[in-house]
Amino acid sequence: MTGKATEIYRGKRLRVVKELYRLPSGREKERVVIHPGDAAAMLPIEGDSCILLRQFRFAIGEYLCEAPAGTMDPGETPLATAQRELIEETGLSGSNFIPRGSIYTTPGFTTEKIHLFEVRGLTPSHEYPKDEDEDIEVVRVPATEVLAMVRDGRICDAKTIALACRCLG
């Protein structure tokens with residue numbers, strides 16, 4: 001970036017900025033970049049099963065089978081986000097959060113980075129309420145079926161594919 005930026009939009013969860021970038025060749029290009037903040041995603045595993053979500057995603061107008069995840073609140077660590085979001089979305093807490101690295105979702109136009117965790121030691125919890133604006137069904141899927149769902153396209157969510165590869169692969 002050359003320092004020249006114009007904010008196009010600022011909302012509660014993201015900002016959109018038009019920025020002037022200097023490429024490695026020295027040429028300058030104007031790009032629109034979305035800054036949603038970082039997130040955490042987790043693959044809860046209990047025995048031979050994984051806990052996934054069937055969740056409606058308004059941007060694409062359909063339900064996806066995906067891992068629990070959520071945006072980090074200001075000042076929150078990736079682990080704290082993972083612990084909170086797991087309870088909010090599944091009603092379960094975990095005793096063992098194993099870091100599995102991170103991914104950039106779509107680095108061509110966004111800075112979003114998702115921190116990945118494998119979660120073990122699941123117990124029921126209602127410490128955090130479910131978000132009212134989410135349409136979520138918790139589903140238990142055999143781990144071998146999760147990998148088959150990734151291969152045949154029934155799981156097409158990138159963070160869930162990454163978690164399946166890093167935790168089950």
Using a simple charge model, +1 on the beta-carbon of Lys and Arg, -1 on the beta-carbon of Asp and Glu, nothing else, what dipole does the chain show about its Cα centre, in debye to the nearest 20? 920
In the stretch 10-169, with Lys and Arg counted as +1 and Asp and Glu as -1 at Cβ, which of these residues, 37, 79, 110, has the Cα nearest the positive end of the dipole, that is, farthest along it? 110
Farthest toward positive dipole pole in the chain [+1 Lys/Arg, -1 Asp/Glu at C-beta], among 25, 124, 69: 25
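Near residue 95, within a Cβ-to-Cβ distance under 14 Å, what is the net charge of the other residues, with Lys and Arg +1 and Asp and Glu -1? Could you put the intermediate results ahead of the total?
Working: positive: 120; negative: 46, 118, 127.
Result for the local shell: -2.
Where does the charge balance sit around residue 81 when Lys and Arg score +1, Asp and Glu -1, over other residues with C-beta under 11 Å from its C-beta?
On the way: positive: 84; negative: 38, 73, 76, 85, 88.
Residues close to residue 81 contribute a combined charge of -4.
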With 10 angstrom as the radius, rank 152, 157, 38 by how many other C-beta atoms surround their C-beta, starting from the fewest. 152, 38, 157
For the stretch 39-167, the Kirkwood Rh over every pair of distinct alpha carbons, in Å, works out to 14.7
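Where a number appears in this text, it was derived from the coordinates with a stated rule and is not lab data. It should be emphasised that the depicted structure is a prediction, and the values quoted were computed from it without experimental measurement. Please note: Cβ atoms are built from the backbone with ideal geometry, for glycine as well, and neighbour counts cover all protein chains shown.
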